[in-house]
Amino acid sequence: MSGRVNMRPTNKNALLKVVILGDGGVGKSCLMNRFVSNHFDEHSFHTIGVEFLNKDIEIDNESYTLQIWDTAGQERFKTLRTPFYRGSDICMLTYAIDDKSSFRNMNMWKNEFLYYADIKENSSFPFIVVGNKSDVSIEEREVSQLELETWCNENGIASCIETSAKNASNVQEAFKMAVQHWLRAESRADRTECTYSDTVDLSKKQSDVRNSCCAGATDD
Amino acid sequence: MSSEDAFWKTISDKLKRQKSVVEKAHERKLQEVDGSFFERFGSILHERSESEKKRDLQNHVRATKASVRFLPRAFLHQDYEDSQPPQEADSEPEPEIELNEEEIDNQIIITNVNKEFSSSADSEQDEKDDSHYYSGMNLDELYLEVLYQIHHNVGCDVTFELGETALLSYVQDAFKMSNEKHNQLLTAAQEREPPELLLNVEVIEAKDLIAKDSNGLSDPFVTLYLQSNSSRRYNSSVKMETLNPVWEEHFALPVMNESCDDILYIEVWDFDPAETMREKFGKILKVKGLRGATRLIKEMAITATMGQHENELIGIAKIPLKTIPSSGMLMWYSLDRKYKMARQGVIKLHLSFGSEKNCQVAAQEHRHLLNLLLLHELETSQIGPYEWDGKFGSQAEAIIMQHKIQSGLCPTEIDFVQWAAYTFVQKEHPLSFGLYLKLLTKISKHLCAPSRNEESVKIFWTFTKKLLPSCIGLIRKVRKRPHDKKTAEQIADVLNILLQLMCLQQPFDSDLFPTNLYPWLISYEEEKPRSISNVLNAAVVKGGKDWLQFILERTEKQDNSVDETLVYFHKVVQIVRSDLQRAVEYDKMFQRIMNLEYAKTLYNLYQLEISNLIEDELISICKSLKTFAYDWNCLSQSDSNDHMSLGTRLFELYLALQRFVCLGTTLSGDDDFRIRNCHTWFQGGVEQWLDIAVVRAMQRIEKAVELDDLSPIDESVKYSSSALDTLTIFHQIKIFWDQLNWPDIESSYSFVAKIIDDLCRCCLFYADKMATRVDGMGDITDNYERRFEVTKEWCLAINNIDYVCQSLKPFTEELQLNSLIQQLAEIRNPLEAERCNDTLQNVLENALDTIQNKIVELLETVAMKMSPAMKKLLIEGAEILHQDSNSIHRVMRYLDNNLATLYEELNEDNFNRILDIIWGNLGNILYDLIHSNIDKRRPPAFFSNLKATLQLMVKSFKHTDETTDSEVLAKIEWLLTVNGMETNELIHQVHIERWRDQLELKSSPYGELTVRLQFLNNDLKVEIINARNLIPMDSNGFCDSFVRVCLLPEEKFTNISKPRTQTHTKNLFPLYDETFTLNLTSGQRNLPDGLVVFCVKDRDFLGMSNQFIGEAFVHLKDIPDTTANIKTLSQVHLFLSRPSNLTTDCITALENRQGDKLAKEFLKRLKQKSSGSPIS
Ligand SMILES: Nc1nc2c(ncn2[C@@H]2O[C@H](COP(=O)(O)OP(=O)(O)O)[C@@H](O)[C@H]2O)c(=O)[nH]1
Ligand SMILES: [Mg+2]
């Protein structure tokens, strides 16, 4: 099948809806921009309600299109962002490692998400926790890696990572990790479902055709 | 933009056409799914609000007209005829409005409520007038006076015309005199001589009276008479519940015999202790009709006069006439009682003698007369309240005229008396405000004149106080009045009365608005002075408050359910709004006359009250909505009507409030008012609604797909009903959004983003449903085979999705993204707005991409379904082509039929797309076939048959479409060609490729050969000149080279010798300089792909295993056919090469022919050449 030419007008990747949540100022928009356009703007504006960007990502030779919804952290935008939670595949909880309160608020974010996205309790929704601004100096750091891991363990979240949108460290990895996490969750969910590949399907049909054809011939 | 306009126009045209063509039944079925969910939020509400807007407008027009109509008349006293007759005004063309049922309901509710309000008992008592003032004058005395005047009438024409008898019987009626009494008094009048001397008594006030009633007070009145004529008693009015009464009443007692021994008796009585005056007056209020009231007054007067009452005497003052100086005197007298030592109180009297009736007495008399006749008039003429405008019947007119003349009252005095007489009855028998206004206009002049009589001024204000409650009451209780022109006129009159009063200097000593009359004023504006304008303002506010209070109590919820609450709120808002509309009609009058912003005042009151009422509860309702939200996992479940209707209610309330705010903006301009932010109360609700809307939309889409018969709506289009239905849903959502008209830009932006995202979801859902719907169609199973035929339905399904998808973008334009972004740029900044715009565009693009993918997926499904048949037919074609040429026709027919259907039914884009996909599939099938059959060692014939089939197919594709991707095809064709070749053909193909490769060379590591070639007829002349830069082959760094000339393909030239040159030893630049002539047949010479090959070899010293250095090819077609000497031709430089690529298709094909000796041999030699190893 190597010679197959892709003639579809658009990519046909699996679409994954990713929501980025976290306090205002932790760098959500910067993370998204870094990830999507590999560009960092020191003086970015506050997000109004939501922002949306698309980005393709390849993992294990499979392409995925991430539909990334960046949200506004301020309370006054609450009603503007919550409508977008529903239907999410992945939720990225973010804080800034130099801001303890943003870390503490993750509980709130997680709950808000679960509530508005209508996620059943204790379903293993793929959350990923991202501690941004890992570039800041040791003195400025307020949340240790250990604290992060502890929190994740307590909350049953398997993926966490520290990133810096500023110097582009771990940003791609964070999103990659998110998708892998999703894949694991999916495969767990789909394990019982049997999947057919096109070829299997086709050969089955083909043999059917042949059989009936033969039958027809003998009838003649 | 214009193309999009056109686009929408087509859609709406189609929608219309569909409506007319397809019966409404379809639509109804669809709407049944969710009870017209979308229409209720979309077009239906839209229509309703449109019609409300129209109504507002109309009302406005009416109001303007009304104020034009009412004002000049009221204000400028224009003649009625001068103003436009109302009928004419009403018949002016006005937009026809069809009220829908609910609206009519609302109207009815409002009307009913106000009706009820009108008839509702006042929560608080009417303005109490404690100084109730039925002056208990001596009726007989007045009657006598009137009879006397009729008898002695002076110069009045009227009397003659009417006749004395008629007048007499009229007064008898009016005074309700019995015949006996009448005759008795008439005789008296006729006998009566004009009195020479009159004792003028003014009963001013009393103080410190003793209490007679259990409540510690008394209800005092005064009876006065002369000892000489004790049967002619005069009574003052009764002052209720006071020990310090003020009367200020005038009496004129004729002094008959001029004896100075006569004594004036002044008796002060407590009125009827068994039945208090209040109770008695209470009775009056209860007694219906004028007759009853008159009778009661009469009864009171008579009983008092005759001394037959059970009243209790408080005290008596006896004043001998001789103690009164002729100049008159003002004096306090003490009141005594037999056997009682204690003083019973004191009374202040003004006493004087006069030969003529005191003018104040006359005025008082005139007033009583007017009152009596007025009551009689009202009784007999059945004039309604507020209607009597000062016109008496002719008899009454005559009597009044006589009294005026004979009492010597001047016009000014008469105006004051009329003011007193008319205002006096106002409470019980309201007269036309226009009457008062006219009178007031006259009186104002007197009051402003320097010569004014302070006494009259005082009286004027005293009686004005009796009028004011009715005026203020009208304003306060205007909602109890019918909403008509008359009421408006009355309001204008009242306002003008108030205006005139305001212009007058008001008395300092008397409170115009005493708390006992206006108890409700206490709670209002305590600190403000009770000026006319303040009280008016307070009345407006109080009136509004009371009414609203009533409305809130009356409009009760049936239960405390959220639904009921919302209905209740909605009703309240509607009712209040309708009241405001009425207020707007009056507003101009208020503003113009009293400079009061009437409507605005009320609006501010209402908006605050409504906010208080609604805000908190609404916010919590919206919050709690989430719990009602739909279960996303069970779309088919349909018992969710509860929160459905909840959504509708919420939205209706929202729209009502929005209109309410709108009204406020017109009234208050830019002022901030609380309800302006009412939309924020709904924020949570809107989100929920959007969520619910998506579910609804999906349900409807599901139904629409189910109902779709998968045939084009009409001949001009290639989509079916469900596509249109889906767009209709979108359209309704858009209308909903328009209606929502959300004032906050930032949240608008978010909502729009969500709407677009949701629509995308609906599109995808539609695509899925559509695909499921057609799944299985075209699968044919008969006795012979199972195959798939492309059906129209499949094509329509694809077109439908495409159509919906393409509508998405213009649709979002409809959501007015541009203006939204512009507004964002204004309130934030352009950069951020740009980012928001990008987001919206991204969301949209993403949506479009996703749907496009869906379409491609479907196209692939179709193509995929065609694959097995194509594969089967191809194999058949390849295997049995020679035996049964029908099979190829069957392939062709299959393709032809299906492609034709696709071409017919799909739109161009999608047809091209699927063609590409089919080609792709075909490629895959052939690849599979070729490879699996190569593995199976099919004979070359199999492949060449396959190729023939393919070529036929290509032709048929080309037939329909030129732009087919030929690269794939060429590749496949080539593969088939290669594999279909005989081995020798294949070998030659390898050589040809070698020749082609050689042409591409720019240099060579193996060296370069220089030759000349020439055709002389069929003879090939070959001159080998030299070689240069040969690669060293021997250990000494040199070559021992020679060149052999061969012709290819080998088997075609078996008869031709293969000449070679001499060997040139130890030379990398050998000079061969040899010429050979090869005699070919013309057949050989003209072979299409004949090649000359020069093979340069290194001769090993034994000559047994020469080493291959390199070879060079020349195509026969490149050799000049000339008779010229070969030495004159140009030299040909050929790069030497070795086979380098051993994986070409041809070589692979050869390698696959394992059992083929020829192939095996060739490949062996090829590999040796390639590696440069010795050639045997
Ligand atoms: N040092 C540092 N600063 C960052 C990083 N990412 C974002 N910021 C800064 O944090 C601020 C807030 O970023 P923004 O993306 O707007 O935060 P958001 O409100 O979460 O979207 C900006 O001033 C950024 O320059 C980071 O990785 N390192
Ligand atoms: Mg942001």
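Values computed for the structure shown
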{"read-out": "Residue satisfying condition, being more than 60 Å from the chain's Cα centre (by Cα), surrounded by fewer than 18 Cβ atoms within 10 Å (Cβ to Cβ) and free of Cβ contacts under 8 Å to residues at least 40 places away in the same chain, within set B:Asn1055, B:Asn1018", "value": "B:Asn1055"}
{"read-out": "The range A:45-59, residues that are within 12 Å of ligand 2 (Cβ to nearest atom) and open to solvent by 50 Å² or more (accessible area, probe 1.4 Å)", "value": "A:Phe45, A:His46"}
{"read-out": "Residue tally, condition open to solvent by less than 40 Å² (accessible area, probe 1.4 Å) and either in a strand (DSSP E or B) or not assigned by TED's automatic domain parsing to the domain that holds B:Leu844 (or both), over the range B:780-794", "value": "1"}
{"read-out": "Residues of the range B:702-729 satisfying the condition of being under 18 Å from B:Val774 (Cα atoms), of a type in the set (A, V, I, L, M, F, W, C) and either open to solvent by 20 Å² or more (accessible area, probe 1.4 Å) or touching a Cys at 6+ places or on another chain (Cβ under 8 Å) (or both)", "value": "B:Leu707, B:Ile713"}
{"read-out": "The range A:131-157, residues that are exposed (fewer than 11 other Cβ atoms within 10 Å of the Cβ) and of a type in the set (A, V, I, L, M, F, W, C)", "value": "A:Ile138, A:Leu146"}
{"read-out": "Residue match in the range A:100-115 (condition: more than 11 Å from ligand 1 (Cβ to nearest atom), on the phi < 0 side of the Ramachandran plot and either in a strand (DSSP E or B) or within 11 Å of chain B (Cβ to nearest Cβ) (or both))", "value": "yes"}
{"read-out": "Residue within the range B:739-747 that is more than 13 Å from chain A (Cβ to nearest Cβ) and either of a type in the set (Lys, Arg) or assigned to a loop (DSSP other than H, G, I, E, B) (or both) present", "value": "yes"}
{"read-out": "Candidate set: the range A:70-85, residues that are within 9 Å of chain B (Cβ to nearest Cβ) and more than 16 Å from ligand 1 (Cβ to nearest atom); chosen: the one surrounded by the fewest Cβ atoms within 10 Å (Cβ to Cβ)", "value": "A:Thr79"}
{"read-out": "Any pair with Cβ under 9 angstrom, 6 or more apart, that starts in the range B:364-392 at a residue that is more than 17 Å from B:Phe463 (Cα to Cα) and among the polar types (S, T, N, Q) and ends at one that is assigned to a helix (DSSP H, G or I) and open to solvent by less than 10 Å² (accessible area, probe 1.4 Å)", "value": "B:Thr380/B:Ala174"}
{"read-out": "So A:His46, is it within 21 Å of A:Asn170 (Cβ to Cβ) and within 14 Å of chain B (Cβ to nearest Cβ)", "value": "no"}
{"read-out": "Scan of the range B:1066-1093 for residues that are open to solvent by less than 60 Å² (accessible area, probe 1.4 Å) and assigned to a strand (DSSP E or B), ordered by number", "value": "B:Tyr1072, B:Glu1074, B:Phe1076, B:Leu1078, B:Leu1091, B:Val1092, B:Val1093"}
{"read-out": "Residue list for the range A:86-99, restricted to those being among the polar types (S, T, N, Q) and away from chain B (no Cβ under 14 Å)", "value": "A:Thr94"}
{"read-out": "Residue list for the range B:399-416, filter: open to solvent by less than 20 Å² (accessible area, probe 1.4 Å) and under 60 Å from the mean Cα position of the chain (by Cα)", "value": "B:Asp415"}
{"read-out": "Test: residue in the range A:17-27 that is away from ligand 2 (no atom under 12 Å from the Cβ), part of a helix (DSSP H, G or I) and touching a residue at least 24 places away in the same chain (Cβ under 8 Å)", "value": "no"}
{"read-out": "Residue within the range B:795-808 that is under 24 Å from A:His46 (Cβ atoms), more than 8 Å from chain A (Cβ to nearest Cβ) and open to solvent by less than 10 Å² (accessible area, probe 1.4 Å) present", "value": "no"}
{"read-out": "Matching residues in the range B:909-919 - criterion: being surrounded by fewer than 20 Cβ atoms within 10 Å (Cβ to Cβ) and either without any contact (Cβ under 8 Å) to a residue 60 or more places away in the chain or not in a helix (DSSP H, G or I) (or both)", "value": "B:Asn912"}
{"read-out": "Residue satisfying all of: in the range A:56-67; in contact (Cβ under 8 Å) with a residue 60 or more places away in the chain and in contact with a Phe, Trp or Tyr (Cβ under 8 Å, 6 or more places away or on another chain); nearest to the other protein chains (Cβ to nearest Cβ) among these", "value": "A:Leu66"}
{"read-out": "Residue among B:Leu646, B:Leu602 that is open to solvent by less than 20 Å² (accessible area, probe 1.4 Å), in a helix (DSSP H, G or I) and modelled with pLDDT under 90", "value": "B:Leu646"}
{"read-out": "Selection status of B:Lys458, within 24 Å of B:Ala492 (Cβ to Cβ), surrounded by fewer than 19 Cβ atoms within 10 Å (Cβ to Cβ), free of Cβ contacts under 8 Å to residues at least 60 places away in the same chain and not assigned by TED's automatic domain parsing to the domain that holds B:Leu602", "value": "no"}
{"read-out": "Enumeration of residues in the range B:1054-1065 that are within 12 Å of B:Arg1099 (Cα to Cα) and outside any strand (DSSP E or B)", "value": "B:Thr1061, B:Gln1062, B:Thr1063, B:Thr1065"}
{"read-out": "Subset of the range A:29-69 [of a type in the set (Gly, Ala, Ser) and more than 8 Å from ligand 1 (Cβ to nearest atom)]", "value": "A:Ser37, A:Gly49, A:Ser63"}
{"read-out": "The lone exception for B:Pro385 - which of (1) outside any loop (DSSP other than H, G, I, E, B); (2) touching a Pro at 6+ places or on another chain (Cβ under 7 Å) it fails", "value": "(1)"}
{"read-out": "Filter result for B:Asn837 (assigned to a helix (DSSP H, G or I), away from chain A (no Cβ under 14 Å), more than 24 Å from the chain's Cα centre (by Cα) and not aliphatic (A, V, I, L, M))", "value": "no"}
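Here's the yes/no breakdown for (1) outside the structural domain of B:Ala1149 (by TED's automatic domain parsing); (2) in contact with a helix residue (DSSP H, G or I) (Cβ under 9 Å, 6 or more places away or on another chain); (3) closer than 27 Å to B:Thr1144 by Cα:
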site	(1), (2), (3)
B:Trp995	no, no, yes
B:Lys1002	no, no, yes
B:Val1011	no, no, no
B:Ile1024	no, no, no
B:Asn1029	no, no, no
B:Met1033	no, no, no
B:Phe1069	no, no, no
B:Asn1079	no, no, no
B:Gly1083	no, yes, no
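The values are calculated or read from the model by the stated rules, or taken from the named source; none is laboratory data. All of these numbers come straight from a predicted model, not from anything done at the bench. Note that each Cβ is placed from the backbone with ideal geometry, even for glycine, and that neighbours are counted across all protein chains shown. Accessible surface is based on the protein model in full, side chains and every heavy atom, while ligands, DNA and RNA are left aside. Shrake-Rupley method; radii C 1.70, N 1.55, O 1.52, S 1.80 Å.
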